[in-house]
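Here's the structure we're looking at; comments come further down.
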Amino acid sequence: MDVPGLCLFFGVIVPSLAVVSFFGGFAWKAIGWARSPVPFHIPITCGQQRSLPWIRSNRLDNPHTPMGAALRVALAVLLFRPLLRNTMTEIYAGPKLTYAPSRWLWLFAVMFHWSMLVIVLRHLRLFVEPVPAWVLTLQRFDRFFEVGHPVIHASTVLFVLGLGLLLLRRLSSPQLRYISILNDYFPLFLLLGIGATGTLLRHYSNSDAAAIKEFVMGLVTLSPLAVSGIPALFYVHLFLVSVLLAYFPWSKLMHMPGVLMSPTLNLANNSRAVRHVNPWNPPVGVHSYAEYEDEFRGRMIEAGLPVDKL
Amino acid sequence: MAVNVKPDQPEYYNHEQLTQIDYRPPAQAWESRPVTIRPGSFLHPAKPKGASSLGLPHPRQWSPMDEDWKLPADWKEIIITGMKERLEKYRSFKIFMDTCVRCGACADKCHFFIGSGDPRNMPVLRAELLRSIYRNDFTLTGRLLGTLAGGRELTVDVIKEWFAYFYQCTECRRCSVFCPFGIDTAEITMMARELLQLVGVSVNWIIEPAANCDRTGNHLGIQPHGMKDTLEFFADEIEELTGVRVNVPINKKGAEILFVTPSGDLLADPGTYTCMGYLALFHEIGLNYTWSTYASEGGNFGLFSSADLMKRLNAKIFAEARRLGVRWILGGECGHMWRVVHQYMDTMNGPADFLDVPVSPVTGTRFSHARSTKMVHIAEFTADLVKNGRLTLDASRNDRLRVTFHDSCNPARAMGLIEEPRAVLKSVCRNFFEMPEETIREKTLCCGGGAGLGAGENMEVRLRGGMARGLAVKHVRDAHGVNRLATICAIDRVTLTTVCDYWAPGVKVAGLHELVANALVMKGQKKRTHDFRHEPLDPES
Amino acid sequence: MADGAKVAGGLMVFVALACAPIWLVLARRSTASQPEIELPVGQKRCVESAEFMRQRHAALLVDWRDAVVREGLNRYVASDGREFRISLTGTCLGCHTQASAFCDRCHAYIGVSPECWSCHVRPSENP
């Protein structure tokens, strides 16, 4: 390893620790969740259950098979379906309440999350040699508009715009501002910082992409090396990404695996058809029929009610 | 304000004052904002008698209005240990503590927030009341960074805040329908209430019925002979109205079906009419069934208290089915009862391998969706009868009623019983009008009095919580002349009566099977002139 | 552990996918360092310094395109005072006679495909 001082710190040590924190923390958290059982079968149902053959059930929102539940989770993850239901409640004189559809959160969230996914996948061109064909295809779609030089990726615009609008939404709504804590603002600013440094790197820093890839590939092959021609801004970008990775498992960002393991979404609504087992189902003292009859036998006989013991 | 009107009466609350609602939160952060506990806003604490008869910890006399709640000396340790234990027992609890991103999608979905504007009634903030303690004591960042990481120290004020706000949640799950991660506030409220119960903070409106249920078999404490008297009285009423004498089988061994319904319908109007409806229907189809005095409660206030208590009260249903030797179980109209039956009963007290897969003795329909729990909802059962043409119905008898249907929270969001009651309803009444789409089915709005909140002393909370539902009823009342709200929940029948009287006067509440019984043509009946409420079918005559 | 197998499996798939670049590079036993490019024989210096050319040749070519096509200028004065005719074919490709030996190697390495050859003739051994 022949990487000098600061480069070693920001280019190798911090990212390595971040990756350890990310995977270690991620697994620790997810395994921690899995260590707690799901004692009860508590899906949230939307729409009609499956009961009588002539009543059409809602397979997507009230699934009755594990496959259906998996589909429900997949749609929640990929399309953010629950957010499509969102409404905004307003009160007017009278009083009168209105529930208008409100899909801004859905839109901003979709913009941000999907563009982030595209951006992460696009970055594979710096992590894999030779660059996989599908990454190039994805990149070609992302450069569809051919605006600017170098071409501005649609995902970059959507990412920054989505984040900005999410932040704006959080700041402009009094209710949201009231419930927001530092944990909510920090990742937004961090991601905006990552987006800004990334954009600057591509569009304003005259960086030598081949040198950056060589440096990254050094990390990927676990044999970091010093590469000349890498601007300081790259290390800033890398540092912010490292902070994000390190912070991820210890924060609300764990909603990413959390949504997959949420027992209200990932269980099928079949609890009367298939018995759900609670591993810690505790014995409880039940007031037995015998005790009950002992207390009321006289009056039961008097009232002509059948009894077990005369 | 009228003289001599107390905060537990709806008349105490002026419409105009109650609807001065501002959804914009106050300037002061909630963490430092004191909780106001005033008459009308809280439930009476559990009396020592009921609490000790159930063996609950730290029974004592105390009042939420007092400064000192007489918590046990080691209350803090109890809460933290209790949290740890529950985090280890419930994956839901862990995940719901970790994954919320505070996107706010749930914020304006809670009927208590809609009716109060109190920011702590936003489901996200209700969960944060607990989550802030979780972050402080159970997460790495919280332990290192404390308040910076959103942590908050557990103090007596936090306990008071929990008491105030986890008893302003009806566990209706409307918010979780809108949550991108399915975070279920009902689950969080259940955890918080269990924790509060560990330090002897629980409410009498839940504990006393639960204690009754443990001893007498039902929440109301009706004893076996009393139950028989009540049902015989209903039979007399039916005879007077229809000329048909229905039989009332009780504790009958060898019956095919055990019928279990909430005891509330035995006592309070308008639930009683629904109960009479069951008797009339079962007689008409010649059902070989039985009531039970030991398992005389379908509802389960344990659900609002703790999982152990829920299991304990629920156990009687299968035990009684086994003792009586029935083949399967039919359940009446009730909301939270069906949460328990559908999602908990088989897990807690099953397997019900001593019962048969339910088959309708009238139509032969096999209810295979209930093949494990062996318990069928009466709306499913009756819808099947109607569909197969096994009932002679004269819907014109309900013509003076203009009906809308209130989906009860639990059947809608923990089961999906949406179309069955509608199918029945449309066959027994000809004037049916839906409330606005955003207020029914899975988006249905709570009555504001479920999950143990249906008492009188918290009337302000109930009226505020019922406002959204009440205004939706008012909307169809004004638009379509609706005068009857049908519902399949015993708590609804009581609480929505108050809500409708206050927010949509003129609309009365009815159970589904009351309307069925009105329309039911019975063999050997006399000419029907009155409905099951003794109201003339034709107001002109 | 409840659902242990599912969660462990899921985690393994996640880690395997997230670390795919590492497995790929290990499988290919390549060091994946920057490609060797064949420099023109007998030439010491390009239009600008090597460092400048590595970092900004794309921007320079775009500037040249704009200068010729939009402004009608065809002289470029380099930072050391030398003058060049602004022409991809005439100036650049005069020395860099094979795209495959020069341009393509880096471009393939970093996964870019400039549009040069959609107008200009791509220099290659087999015209």
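Laid out as a table, the results:
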| read-out | value |
| --- | --- |
| In nm, spacing of pseudo-spin labels at A:Leu233 and A:Ala290 (7 Å Cα→C-beta vector) | 8.3 nm |
| Shape box of the stretch B:55-132 [Cα atoms, principal axes, largest first, Å] | 39, 33, 21 |
| Over the protein assembly as shown: helical MRE at 222 nm, DSSP H runs n ≥ 4 each giving -39500 (n - 2.57), nearest 500 | -14000 deg cm²/dmol |
| Whole-percent pair-distance distribution, where bins are 5 Å wide, for the alpha carbons of the stretch B:142-246 | 2, 10, 11, 12, 13, 12, 9, 8, 7, 6, 3, 2, 2, 1, 1, 0 |
| Potential extension, C:Ser113-C:Asp80 segment - 0.36 nm per residue separation minus Cα distance | 8.8 nm |
| Whole-Hz ³J(HN,Hα) from phi, Karplus 6.51 cos²θ - 1.76 cosθ + 1.60, for the stretch A:94-99, glycine and proline x | x, x, 9, 10, 10, 10 |
| Angle in degrees between helix A:232-247 and the longest Cα principal axis of chain A, rounded to the nearest 10 | 10 degrees |
| Residue-wise HN-Hα coupling along the stretch B:338-348, computed from phi with Karplus coefficients 6.51, -1.76, 1.60 (Hz; x: Gly, Pro) | 6, 4, 5, 5, 6, 10, 10, 4, 4, 5, 6 |
| Karplus 3J(HN,Hα) series, Hz, for the stretch B:111-127 with 6.51 cos²θ - 1.76 cosθ + 1.60 (x for Gly, Pro) | 5, 6, 5, 4, x, 10, x, 6, x, 5, 8, 6, x, 4, 6, 4, 5 |
| Packing-based ranking, highest mean first, of B:407-415, B:352-360, B:322-330, C:43-51 given that Cβ atoms within 10 Å are counted | B:407-415, B:322-330, B:352-360, C:43-51 |
| Solvent-free Debye scattering, log10 I(q)/I(0), computed from the Cα coordinates of the stretch C:45-115 at q = 0.15, 0.23, 0.27 Å⁻¹ | -0.53, -1.21, -1.48 |
| Gyration tensor verdict on chain C (Cα atoms; rounded if a/c is under 1.5, prolate if a/b is larger than b/c, oblate otherwise) | prolate |
| The stretch A:154-310: C-alpha gyration tensor shape, a/c 1.5 cut-off, then a/b vs b/c | prolate |
| Label-point separation, C:Arg122 to B:Arg33 (7 Å along Cα→Cβ), nm | 6.6 nm |
| Helix axis angle, B:204-216 relative to chain B longest principal axis, alpha carbon, degrees | 50 degrees |
| For the stretch B:210-519, the fraction of alpha-carbon pairs in successive 20 Å shells from zero, as % | 35, 60, 4 |
| Partners for A:Lys96 among lysines (Cα-Cα distance below 19 Å; same-chain residues under 8 apart left out) | B:Lys109, B:Lys443, B:Lys474 |
| Residues whose placed amide H lies under 5 Å from that of B:Lys508, excluding near-sequence neighbours | B:Arg484, B:Leu485 |
| Values of log10 I(q)/I(0), in the order q = 0.25 Å⁻¹, for the stretch A:140-227 under a Debye, Cα-only, solvent-free model | -1.16 |
| Share of Cα-Cα pairs in the stretch A:184-271 lying beyond 16 Å, as whole percent | 66 percent |
| Angle in degrees between helix B:490-503 and the longest Cα principal axis of chain B, rounded to the nearest 10 | 80 degrees |
| Three-way shape label, the stretch B:3-55, alpha-carbon gyration tensor, a/c 1.5 | oblate |
| Base-10 log of normalised Debye intensity for the stretch B:213-370 (one unit scatterer per alpha-carbon) at q = 0.11, 0.12, 0.13 Å⁻¹ | -0.41, -0.49, -0.58 |
| Square roots of five times the Cα gyration tensor eigenvalues for the protein assembly as shown, Å | 66, 29, 27 |
| Where chymotrypsin sites (Phe, Trp or Tyr not before Pro) in DSSP loops with at most 15 other Cβ within 10 Å are excluded, longest remaining stretch of chain A | A:55-143 |
| Taking the convex hull of Cα positions in the stretch A:49-191, its mean projected area over all directions (nm²) | 14.8 nm² |
| Which of B:Val461, A:Val135 has the fewest Cβ neighbours within 10 Å, and the rest in rising order | A:Val135, B:Val461 |
| Theoretical FRET efficiency, 1/(1+(r/R0)^6), r = Cβ-Cβ of A:Arg169 and B:Asp157, R0 35 Å, to 0.05 | 0.65 |
| Under 5 Å, built H, 5+ apart or other chain: amide partners of B:Val359 | B:Phe367 |
| Under 5 Å, built H, 5+ apart or other chain: amide partners of B:His530 | B:Leu537 |
| Summed residue charge, Cβ within 11 Å of A:Val284's Cβ, Lys/Arg positive, Asp/Glu negative | 0 |
| Ratio of Rg to Rh over chain B (Cα coordinates, Kirkwood Rh, two decimals) | 0.97 |
| Over chain A: Rg over Rh, Cα atoms, Kirkwood Rh | 1.15 |
| Length released on extending from B:Glu77 to B:Arg322, taking residue separation times 0.36 nm less the Cα-Cα span | 84.0 nm |
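Where a number appears in this text, it was derived from the coordinates with a stated rule and is not lab data. Every value quoted in this text rests on a predicted model; they were computed, and no experiment measured them. Note that we place each Cβ from the backbone using ideal geometry, even for glycine, and neighbour counts take in every protein chain shown.
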